[in-house]
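Chemist: Can you read through this structure? Questions will come right after.
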Amino acid sequence: MEQEKVEKAHKSIIDTISTFTPKEKELLLQYAKTKVEDFDNFFADRSTWKEHDQYTELKAGYLEKEISKIEKIVNENTFAQSGGPEEKIQIDKFVRIIKDQNSEIMKNNLFESKKADLQVKIELPGQEKPFFDKMSTPNNLVTQIQKAGQKLEEKESLSISINGASFEIPKEKTEKGNILETVQSEYEKAQKNNTQAKETTDDEEAKRTESQKNEAPAKQKEKTNFGYLKDQIKYLGMGEDTAMHKELAKKTGSGVKEFSMVITSDKASFKNNKIEFMLNFQKSSTNNKVYLNTFQATLKNEEKNMELTHTFSANGRITAKEAINLLEGRSVKTEINSKHSDEKEEAFIKLLLSEEKNEKGNFKLQVFNKNYGIDVEKIMAKSKLVFDDEKHKEITQKSLEKGNIVSVKFSDQNNKVTEGKAILNPQYKMLNLYDNKMKRVNSNEQAFQKDNSESKEVKNQQNYSRKM
């Protein structure tokens, strides 16, 4: 019955999406992509926010009520991390659903309608950024192909994708008057090839499904277990490397009770910092499943003759990038076990890297809980940060709370807007501001002055050694 409820809830979401116009679906897809990018974006460097930039450009052609409608659908019906509410859809799956629906938008007679919406991508040889990548009408499509064709050398071709069907058109055909007929003909061929490929894939999938039904239940459990572990590693921010998956599959099925795997990372904030994660797995004696319990993060810097290690729980409260930020000396917002109840509470934590480790070989924690009164939005306002829009402000705040070094714009003492970097400093309720070469431009003298009660609260929080 529970599964039926979940399927019914998911079908309701999909049915709602199916009522959208092609134009609305385009905006819906692009906004959903920004949510995926939010989850994957650990660095908060705006130059990497490609999906956000495309969404900002795209929504300029929509009414505010249309934008609100689209964003509400995504925000209320999706989740990013694994283990979200069953009545919602994981954001990656949500994006796939929209793409699948968009591939059904186009019928052959769309080329005969002046108002038909076609999802078009036109690419030039050797150019990373598409020449054209938007929804378009047939007449505008012809215009764009002619413009792109003028940039081609002899014997070169344009790569064109229309609603998921991809084909090429040589330069000579972009100069003829019957371009639309050529496009329709090539599109129909591509559609036919896609259909045949899908039928072949469906047949193979059906055979695999039938084969899986005959496999031993233990083998099925092993595959489910392996898939869960892959997702867990992905959502911790440790990637989806094929070689790593092969090693994981081999070790998961080996029958050993405990094993570890090492993964390197390039997400350190400074080039001389080298990062390595050791993932620790253990097989349960009760259900025979393998679990990822902890991961040990190691930061090495040969120039400084430094090596720092700390073991984190793999429960998802601390991601790989946040672990790096902590080892690099910055604070991270997370959930901790409350000292006064069985519930969890939000707090900023920082590793006391200069102090002796606890009995478990981990650094002690400096904790700033809600009683400390950290308001990141007020801190940003006090630092005179400048934002492009509310979404930019929201993303910047979240990234600061993750402990990232964030690219920002801020007003100086002369009200001149300057580009630089910012790090959240919860202890002093401020942002440490830097120029683009990481030279400090403000000081802790701008920090708040603690009163007696606040000082007492800080003193009570200094040396936590609980497991994260």
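The values are calculated or read from the model by the stated rules, or taken from the named source; none is laboratory data. From a predicted model like this one, the values you see are computed outputs, not experimental measurements. Note that each Cβ is placed from the backbone with ideal geometry, even for glycine, and that neighbours are counted across all protein chains shown.
Chemist: Report whether or not K115 is surrounded by fewer than 19 Cβ atoms within 10 Å (Cβ to Cβ) and modelled with pLDDT of 80 or more. Before the answer, list the steps.
Modeler: On the way: surrounded by fewer than 19 Cβ atoms within 10 Å (Cβ to Cβ): yes; modelled with pLDDT of 80 or more: no.
No.
Chemist: A further question on this structure: Which of the following residues is basic (K, R) and modelled with pLDDT of 95 or more: K357, K300? I'd like the intermediate steps shown before the answer.
Modeler: Working: K357 fails: modelled with pLDDT of 95 or more.
Going through K357, K300 in turn, the sole match is K300.
Chemist: What number of residues within segment 428-441 are of a type in the set (S, T, N, Q) and either in contact with a His (Cβ under 8 Å, 6 or more places away or on another chain) or surrounded by fewer than 17 Cβ atoms within 10 Å (Cβ to Cβ) (or both)?
Modeler: Here the count works out to 1.
Chemist: While we're on this one: Just to be sure I understand the filter: pairs with C-beta atoms under 6 Å, separated by 6 or more residues or on different chains, first member in segment 355-367 and under 20 Å from R330 (Cα atoms), second member hydroxyl-bearing (S, T, Y) and outside any loop (DSSP other than H, G, I, E, B). Which pairs pass?
Modeler: N362/T311; L365/Y464; V367/Y464
Chemist: Could you tell me whether segment 278-298 includes any residue that is aliphatic (A, V, I, L, M), buried (at least 21 other Cβ atoms within 10 Å of the Cβ), touching a helix residue (DSSP H, G or I) at 6+ places or on another chain (Cβ under 9 Å) and under 26 Å from V376 (Cβ atoms)?
Modeler: Going residue by residue through segment 278-298, those that are aliphatic (A, V, I, L, M) are 278-279, 290, 292, 297.
Now drop any that are not buried (at least 21 other Cβ atoms within 10 Å of the Cβ), which leaves 279, 290, 297.
Pick out the ones that are also touching a helix residue (DSSP H, G or I) at 6+ places or on another chain (Cβ under 9 Å) and you get 279, 290, 297.
Then keep just the ones that are under 26 Å from V376 (Cβ atoms); that gives 297.
Yes, the conditions are met somewhere in segment 278-298.
Chemist: Within segment 1-49, track down each residue that is modelled with pLDDT under 80, of a type in the set (K, R) and under 30 Å from F387 (Cα atoms).
Modeler: Matches in segment 1-49: K23, R46.
Chemist: Here is a further query. Hey, does segment 388-398 have a residue that's in contact (Cβ under 8 Å) with a residue 60 or more places away in the chain and touching a Leu at 6+ places or on another chain (Cβ under 8 Å)?
Modeler: Yes, some residue in segment 388-398 is in contact (Cβ under 8 Å) with a residue 60 or more places away in the chain and touching a Leu at 6+ places or on another chain (Cβ under 8 Å).
Chemist: Would you check which residues across segment 379-420 are among the basic types (K, R), farther than 24 Å from A320 by Cα and surrounded by 14 or more Cβ atoms within 10 Å (Cβ to Cβ) and list them?
Modeler: Our first condition is that a residue be among the basic types (K, R); within segment 379-420, this holds for 382, 384, 391, 393, 398, 402, 409, 416.
Narrowing further to those that are farther than 24 Å from A320 by Cα: 382, 384, 391, 409, 416.
Result: K382, K384, K391, K409.
Chemist: Any residue at all in segment 81-102 that is modelled with pLDDT of 85 or more and either exposed (fewer than 15 other Cβ atoms within 10 Å of the Cβ) or in the same structural domain as G420 (by TED's automatic domain parsing) (or both)?
Modeler: No; the residues of segment 81-102 include none that is modelled with pLDDT of 85 or more and either exposed (fewer than 15 other Cβ atoms within 10 Å of the Cβ) or in the same structural domain as G420 (by TED's automatic domain parsing) (or both).
Chemist: Would you mind listing the strands (runs of 3 or more DSSP E) fully within segment 229-344 where at least 1 residues are outside the structural domain of I405 (by TED's automatic domain parsing) and over 30 Å from Y428 (Cα atoms)? Quick ask: steps written out before the conclusion?
Modeler: Values: elements: 258-265, 274-283, 290-301, 306-313, 332-337.
Hits in segment 229-344: 258-265, 274-283, 290-301.
Chemist: Return yes when L365 is over 28 Å from the mean Cα position of the chain (by Cα), under 24 Å from L431 (Cα atoms) and surrounded by 14 or more Cβ atoms within 10 Å (Cβ to Cβ) and no when it is not. Quick ask: steps written out before the conclusion?
Modeler: Values: over 28 Å from the mean Cα position of the chain (by Cα): no; under 24 Å from L431 (Cα atoms): yes; surrounded by 14 or more Cβ atoms within 10 Å (Cβ to Cβ): yes.
Criteria not met by L365.
Chemist: Looking at segment 135-153, which of its residues are part of a strand (DSSP E or B) and touching a residue at least 24 places away in the same chain (Cβ under 8 Å)? Show your work before the answer.
Modeler: Narrowing segment 135-153 to residues part of a strand (DSSP E or B): 135-136.
Of everything in segment 135-153, just one residue is part of a strand (DSSP E or B) and touching a residue at least 24 places away in the same chain (Cβ under 8 Å), namely M135.
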